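Report on the following structure.
The values are calculated or read from the model by the stated rules, or taken from the named source; none is laboratory data. Since the structure is predicted, the reported quantities are computational estimates derived from the model, not experimental observations. We place every Cβ from the backbone using ideal geometry, glycine too, and count neighbours over all the protein chains shown. Accessible surface areas use protein heavy atoms only, side chains included; no ligands, DNA or RNA. Shrake-Rupley method; radii C 1.70, N 1.55, O 1.52, S 1.80 Å.
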Amino acid sequence: MTAKTNVKINLGQPINDLLDNSPHPFEEDCLAHVGLCWYEIKKRFAEADLPSVTVFQNDTLLLALDDVGRVSAVVDETQGRLVEQVTLSVRGLPDNSLHSEQKGFVYQLLNTLLGSGWTHFYRFPAARISGADAHKIVVPDEVMGMRVIAHPWFDPRYEASLEQWLSAGSTYHWFFYQSGIYLHVSVQRSNSRDAPAERGTYLIKMELQTELAYWPQHFSEEDQSDWRKLMPALLEQYAQQRAKLEREAEAAGIKIEDSYRDPAIKLLGE
């Protein structure tokens, strides 16, 4: 067997450095009128020699993954030719494995993240309801009448039951934070045609974004160039929305994780 090749990515590095040093060629696809370019490595998940990927910020290792079938780096030419956003698609268990085994594999990955410096992140303006009180919420995709992407059932610090796992939608989301970098883990479930209640095929994606990639997307396209100026008002809006949801949750007997604090936004000087 040959040793796996490793694609090393430094967030914030010039895209040309990544392209020149990668052991696998990237395909380029650009939309010149908006100044966006995508650079991708695409491989079939069935291949035996999928590369590993390590992602760094300066000299700090953020992520180390084996068996990565797709690597996508997004470059916003208007912000400079720097790598500010990376999406990785990871090979998991074989297709049509048991849902219980697939869930176990995903939580093993989440626990690895929690043990390597990543912190659970409450995506704005979600209420700070941890998995410890998630059993008090009976609707799989809502909290106090508001649709949520990352449901408290799936707080990465508490493993969801198989019943919760299967009664939710077909896509799961987790959000993490570390040293100015935002990480979004998403898993898409496709049930087996022959045994949909027992088996399925899962696609795992991990998206890393610097603040320069993460925060502008909270605004309309025409406002993104002024995102720093507009951020204080947006954060206040998020705070008010969160406070309302949390008051309603507490009135319903659901505990709020008061000790949680939103991460500082370094580009705003916080």
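From the residues in the stretch 77-121 that are in a helix (DSSP H, G or I) and of a type in the set (A, V, I, L, M), which one is most open to solvent (accessible area, probe 1.4 Å)?
The selected residue is Leu114.
Give the residue that is farthest from Ile41 (Cα to Cα), with candidates limited to residues of the stretch 81-104 that are free of Cβ contacts under 8 Å to residues at least 40 places away in the same chain and not acidic (Asp, Glu). It would help to see each step written out before you state the result.
Looking only at the stretch 81-104, we keep the residues that are free of Cβ contacts under 8 Å to residues at least 40 places away in the same chain, and these are 94, 101, 104.
Narrowing further to those that are not acidic (Asp, Glu): 94, 104.
Numbers: Pro94: 21, Gly104: 28 Å.
So the residue we want is Gly104.
How many residues does the stretch 1-15 contain that are under 22 Å from Leu63 (Cβ atoms) and either more than 22 Å from the chain's Cα centre (by Cα) or not in a loop (DSSP other than H, G, I, E, B) (or both)?
Qualifying residue count for the region: 10.
Here's a check for you: in the stretch 49-73, which residue that is over 20 Å from the mean Cα position of the chain (by Cα) and within 22 Å of Asn16 (Cβ to Cβ) is surrounded by the most Cβ atoms within 10 Å (Cβ to Cβ)?
So, considering only residues that are over 20 Å from the mean Cα position of the chain (by Cα) and within 22 Å of Asn16 (Cβ to Cβ), the one surrounded by the most Cβ atoms within 10 Å (Cβ to Cβ) is Pro51.
Of the residues that make up the stretch 20-32, is at least one modelled with pLDDT under 90, surrounded by 12 or more Cβ atoms within 10 Å (Cβ to Cβ) and not in a strand (DSSP E or B)?
Filtering the stretch 20-32 down to residues modelled with pLDDT under 90 leaves 31-32.
In the following step, the residues that additionally are surrounded by 12 or more Cβ atoms within 10 Å (Cβ to Cβ) were identified as none.
No, every residue in the stretch 20-32 fails to be modelled with pLDDT under 90, surrounded by 12 or more Cβ atoms within 10 Å (Cβ to Cβ) and not in a strand (DSSP E or B).
All but one of (1) touching a residue at least 60 places away in the same chain (Cβ under 8 Å); (2) open to solvent by 50 Å² or more (accessible area, probe 1.4 Å) hold for Ala46; state the number of the condition that does not hold.
Unmet condition: (1).
Please name all residue pairs, on different chains or six or more residues apart, with Cβ atoms under 6 Å, provided the first residue is in the stretch 156-168 and is hydrophobic (A, V, I, L, M, F, W, C) and the second residue is assigned to a loop (DSSP other than H, G, I, E, B) and surrounded by fewer than 17 Cβ atoms within 10 Å (Cβ to Cβ).
Ala168/Pro140
Return only the number of the condition from (1) in contact (Cβ under 8 Å) with a residue 24 or more places away in the chain; (2) within 26 Å of Tyr238 (Cβ to Cβ) that Val148 does not satisfy.
Checking Val148 against (1) in contact (Cβ under 8 Å) with a residue 24 or more places away in the chain; (2) within 26 Å of Tyr238 (Cβ to Cβ), the one that fails is (1).
Would you point out which residue out of Ala243, Ala239, Ala249 is buried (at least 16 other Cβ atoms within 10 Å of the Cβ), farther than 30 Å from Val55 by Cα and of a type in the set (A, V, I, L, M)?
Ala249
For the stretch 175-223, enumerate the residues that are without any contact (Cβ under 8 Å) to a residue 24 or more places away in the chain, within 27 Å of Ser130 (Cβ to Cβ) and either part of a loop (DSSP other than H, G, I, E, B) or open to solvent by 60 Å² or more (accessible area, probe 1.4 Å) (or both).
The answer is Gln188, Gln217.
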